[in-house]
Amino acid sequence: MNTIEVNNKAEIFSTEIREEIDQWIAKYPADWKQSAVMAALRIVQDANGGWLTTELMNDVAAYLNMAPIAVYEVATFYSMYELKPVGKHKICICTNVSCMINNSDRVVDHLEDRLGIKLGQTTEDGRFTLKEVECLGACGGAPMMQIGKQYYENLTPEIIDSILEGLE
């Protein structure tokens, strides 16, 4: 893995990660580099198997010339960032108003029963993590869930089973 020197500390970002973060930095005025923090966290998280360590958040802070606490605040506020290992397939289940009214509790119950885990847990084989999230903006298709970058709407137990069977 390539290393870079930032603030007199060896960093672990590969060339590819730096280039991708730099593309986001370039979208903002030069003195607003820290505006790329959300994209940088996503990029680093994806490269680390879906979760962020304190070291990685510190590296993002150093790369963007930010105080580490400012990066931690972002990482802990938004539900898309994970601070502990997650399964290969992170299943984000919306339980907000529209989904709740359309029986998201049935979706949660079915997934918990099918996978043998509760919200916030990961299956023993590391394949699935269940996560309750706030609105994912697909209210017209409630109840819904997100796995990776894919949205699944108008869920029923049968649709959920079909989706799970289609995953590796």
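Against the definition (basic (Lys, Arg), over 23 Å from Leu41 (Cα atoms) and surrounded by fewer than 17 Cβ atoms within 10 Å (Cβ to Cβ)), how does Lys118 come out, yes or no? Give the steps one after another, and end with the answer.
Numbers: basic (Lys, Arg): yes; over 23 Å from Leu41 (Cα atoms): yes; surrounded by fewer than 17 Cβ atoms within 10 Å (Cβ to Cβ): yes.
Here the answer is yes, as Lys118 does meet what is asked.
Filter region 121-160 down to residues that are surrounded by 15 or more Cβ atoms within 10 Å (Cβ to Cβ) and in contact with a Lys or Arg (Cβ under 8 Å, 6 or more places away or on another chain), then give me how many there are.
7
Does region 40-52 hold any residues that are within 21 Å of Lys131 (Cα to Cα) and surrounded by 15 or more Cβ atoms within 10 Å (Cβ to Cβ), and which are they?
Going residue by residue through region 40-52, those that are within 21 Å of Lys131 (Cα to Cα) are 41-52.
Within region 40-52, Leu41, Arg42, Ile43, Val44, Gln45, Ala47, Asn48, Gly50, Trp51, Leu52 qualify.
Could you name every one of the helices (runs of 4 or more DSSP H) located completely within region 50-168 that has at least 1 residues being under 30 Å from Trp32 (Cα atoms) and without any contact (Cβ under 8 Å) to a residue 60 or more places away in the chain? Steps first, answer last, please.
Numbers: elements: 54-63, 68-77, 97-101, 104-115, 157-166.
Because the criterion is at least 1 residues that are under 30 Å from Trp32 (Cα atoms) and without any contact (Cβ under 8 Å) to a residue 60 or more places away in the chain, the helices (runs of 4 or more DSSP H) in region 50-168 that meet it are 54-63, 68-77.
Readers should treat all values here as calculations from the given coordinates under stated rules, not as data from a laboratory. Here the structure is a predicted model, which means the values were calculated and not measured. Cβ: placed from backbone, ideal geometry, glycine included. Neighbour counts: every protein chain shown.
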